[in-house]
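Here's the structure we're looking at; comments come further down.
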Amino acid sequence: MVEAALVEKTVQRLTLRKPARFQINALTKVGRKQLQDVLVEFFNQENLDRSHVLPIHYAIVEVVFNALKANVKFVAFREEIRKQLTRFKISEIEDLLQVIIEERTLREFMAHRVLPEVLRPQVNKIFDLEEKYRAGMGKKLSAEQIELIKRFRLLIRSIDAEVLLVIQPSAELITITVTNNVPMLGRDLERIENSRRYHQKLHKEGRAGEFFDYDNIDTTESAGFGIAMVDQGFYRFGLNPFEHMRIESRNRETLVTLSYPRRVLEKKPAAV
């Protein structure tokens, strides 16, 4: 009953052209279902084509998932810097760590010292443990694994890392923004952009499906597979994904904006 009331209240705001805001700490099955219910009911109220809910729902979930993962990765990156400072017996570690994290140039310099191969296993491990814990498998986890989850949750809270989802409809557009208040490393943004450009090239050549072949999947880090699927959704709408999904890495936050013109979401008249 509470879930139904939340969906109804959210849809009411959207139909009044008011923004709906959600602070997200995890991507639960219930949360994903609520989001889908909101989109379906909103499309019903606005007389939009419900068949378009699926790609939009996928896009939002993918972007939110990436934001949550980026927060864990940033915390892991921060802790690796701490280890290096400790190894060099540097005093006032906390003050120096804060300066490095907040200054883009210093942050990018340290990123060259902390290799992706160091961060990737730990980030994947945390997400795997969190998924098992939230799925009710906590009793099957060891005390050490539970402690690791608690430690990372505490670290994420300590830097006020959060993910904010905002859905804002207007007369012409439905705009979705996902903000996580940690910056994206330059190498990660470059990798995502290169992946998107490569997918775009294949799409223009009529070979987009090749992007998802095993040989083309970059297994060294997050490969951009999910983002390419989001781009593919925009192509199906006849939209340029580089205009309708923007990824901005600011000094202290990362912002992803998705925009869907209502004209592509409207129901097509039945053929006579």
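The values are calculated or read from the model by the stated rules, or taken from the named source; none is laboratory data. On a predicted model such as this, the values are computed, not experimentally measured, just so you know. Counting neighbours? That spans all protein chains shown, and the Cβs are built from the backbone with ideal geometry, glycine included. Keep in mind that these areas ignore ligands, DNA and RNA; they rest on the heavy atoms of the full protein, side chains included. Shrake-Rupley method; radii C 1.70, N 1.55, O 1.52, S 1.80 Å.
Among 183, 234, 135, which residue has its Cα positioned farthest towards the positive end of the charge dipole of the chain, with +1 placed on the Cβ of Lys and Arg, -1 on the Cβ of Asp and Glu, and the dipole taken about the Cα centre?
The Cα lying farthest towards the positive end belongs to 135.
Residues of the chain: accessible area per residue at 1.4 Å, in Å²?
Accessible surface, normalised per residue, equals 57 Å².
For the stretch 65-80, just list the computed ³J(HN,Hα) in residue order, Karplus coefficients 6.51, -1.76 and 1.60, θ = phi - 60°, integers in Hz, with x standing in for Gly and Pro.
4, 5, 5, 5, 5, 5, 5, 5, 5, 5, 5, 5, 4, 4, 5, 5
Starting from the alpha-carbon convex hull of the chain, give the projected area averaged over all orientations, in nm².
18.0 nm²
Taking a threshold of 19 Å on the Cα-Cα distance, which of the pairs 29/150; 9/267; 9/33; 73/139; 69/125; 33/267 fall above it?
29/150; 9/267; 73/139; 33/267
As a test of reading the structure, rank 244, 199, 112 by solvent-accessible area (1.4 Å probe, protein chains only), most first.
Reading off the accessible areas and sorting them downward yields 112, 244, 199.
Placing +1 at every Lys and Arg Cβ and -1 at every Asp and Glu Cβ, with all other atoms neutral, what dipole size does the chain have around its Cα centre, in debye to the nearest 20?
400 debye
Work through the residues other than residue 245 whose Cβ is under 14 Å from its Cβ and net out their charges, Lys, Arg +1 and Asp, Glu -1.
-1
From the backbone phi of the stretch 29-37, what are the Karplus-calculated ³J(HN,Hα) couplings (6.51 cos²θ - 1.76 cosθ + 1.60, θ = phi - 60°) in whole Hz, Gly and Pro given as x?
Working through the residues one at a time gives 4, 5, x, 5, 5, 4, 4, 5, 4 Hz.
Once amide H atoms are placed 1.01 Å from N in the peptide plane, what residues at a sequence separation of 5 or more from residue 163, or on another chain, have their amide H within under 5 Å of its amide H?
Amide H neighbours of residue 163: 24.
What net charge do the residues around residue 267 carry, taking every other residue with its C-beta under 12 Å from that of residue 267, with Lys and Arg at +1 and Asp and Glu at -1?
Summing Lys/Arg as +1 and Asp/Glu as -1 gives +1.
As a check on your grasp of the helix formula, calculate [θ] at 222 nm for the chain: sum -39500 (n - 2.57) over DSSP H runs of n ≥ 4, divide by the residue count, round to the nearest 500.
Helices in the chain give a 222 nm mean residue ellipticity of -18500 deg cm²/dmol.
Counting only protein heavy atoms and a 1.4 Å probe, tell me what percentage of the chain's accessible area is made up of carbon and sulfur.
Carbon plus sulfur share of accessible area: 54 percent.
DSSP loop (so not H, G, I, E, B), at most 10 other Cβ within 10 Å: list which GluC sites (Glu not before Pro) in the stretch 229-272 pass both filters.
Nothing satisfies the criteria.
Give the calculated FRET efficiency between residue 117 and residue 47 to the nearest 0.05, with a Förster radius of 41 Å applied to their Cβ-Cβ distance.
0.20
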